[in-house]
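One structure is given below, encoded as structure tokens.
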Amino acid sequence: MSEPASLQRFLDEASIRNTVARFADSATRADYDSFRATWAEDGEFVIGAAPHGQRAAGVDEIVALLRRLRAGKTFFVQFALPGVIEVDGDTAATRTLCHEAARGPGETFYRNHCVAFDRLRRSGDDWVFASRSFQYLWLDTSPYAGAGFPLFPNSSAA
């Protein structure tokens with residue numbers, strides 16, 4: 001691979017990792033505008049499998065799905081570790097390992113480990129999700145100890 005091609009691959013992978021990080025950050029902070037910016041207009045988001053899975057198509061439905069999932073949560077966090085990234089021109093595929101934990105509404109609890117199978121496309125200098133599909137590896141809805149704390153109002157980083 002030539003030096004300019006190696007540099008471009010490095011820049012693409014860094015931008016893709018940033019998109020994955022922005023997804024987790026915006027979902028954790030319930031920042032719906034930032035979450036929207038990680039998606040292609042015609043994106044598709046699939047969580048789990050039928051009959052209990054959820055699917056949204058188009059960025060408006062995807063943001064609405066996140067709003068429904070976050071409704072009434074006293075605590076939510078997602079950790080994401082981008083794994084393999086395969087870039088092919090203006091498209092890419094990744095596998096991202098995720099862990100989520102949430103509490104609410106009321107005394108409902110949720111923890112999981114999953115793999116996100118991602119398809120991204122170049123959008124200007126950035127990358128956006130064309131599709132994201134979460135496949136659960138482990139799911140636990142039993143109560144857990146501890147307390148969640150809200151983020152400080154000005155806790156967003158540029």
Neighbours by Cβ (under 8 Å, 6+ apart or cross-chain): first from region 131-142, over 14 Å from Ala49 (Cβ atoms); second at pLDDT 95 or above and outside any strand (DSSP E or B) | Arg132/Phe23
Which of the residues spanning region 51-70 are in a loop (DSSP other than H, G, I, E, B) and either in contact with a Cys (Cβ under 9 Å, 6 or more places away or on another chain) or modelled with pLDDT of 95 or more (or both)?
-> Gly58
Scan Glu61, Glu3, Glu100 and give me the residue that is acidic (Asp, Glu), out of contact with any helix residue (DSSP H, G or I) (no Cβ under 8 Å at 6 or more places or on another chain) and within 20 Å of Asp140 (Cα to Cα).
-> Glu100
For region 16-38, which residues satisfy the criterion of being polar (S, T, N, Q), surrounded by 17 or more Cβ atoms within 10 Å (Cβ to Cβ) and assigned to a helix (DSSP H, G or I)?
-> Thr19, Ser26, Thr28
Go through region 71-83 and give me each residue that's under 19 Å from Trp127 (Cα atoms) and modelled with pLDDT under 95.
-> Leu81, Pro82, Gly83
Could we say that Leu97 is surrounded by fewer than 17 Cβ atoms within 10 Å (Cβ to Cβ), assigned to a strand (DSSP E or B), under 15 Å from the mean Cα position of the chain (by Cα) and at pLDDT below 95 here?
-> no
Taking region 104-122 and keeping residues in contact with a Pro (Cβ under 9 Å, 6 or more places away or on another chain), free of Cβ contacts under 8 Å to residues at least 60 places away in the same chain and among the charged types (D, E, K, R) leaves Glu107
Scanning region 71-94 residue by residue, those touching a Pro at 6+ places or on another chain (Cβ under 9 Å), among the β-branched types (Val, Ile, Thr) and part of a strand (DSSP E or B) turn out to be Thr94
Within region 100-115, how many residues turn out to be closer than 17 Å to Gly146 by Cβ and in a strand (DSSP E or B)?
-> 8
Considering only residues that are surrounded by 18 or more Cβ atoms within 10 Å (Cβ to Cβ) and out of contact with any helix residue (DSSP H, G or I) (no Cβ under 7 Å at 6 or more places or on another chain), look in region 112-122 and name the one that is farthest from His52 (Cα to Cα).
-> Asp118
Residue list for region 21-40, restricted to those being in contact (Cβ under 8 Å) with a residue 60 or more places away in the chain and either of a type in the set (Lys, Arg) or in contact with a Cys (Cβ under 9 Å, 6 or more places away or on another chain) (or both) | Ala24, Arg29
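The values are calculated or read from the model by the stated rules, or taken from the named source; none is laboratory data. Note that the structure is a prediction, hence the values are computed from the model and not measured. Cβ sites come from the backbone with ideal geometry, for glycine too, and all protein chains shown count toward neighbours.
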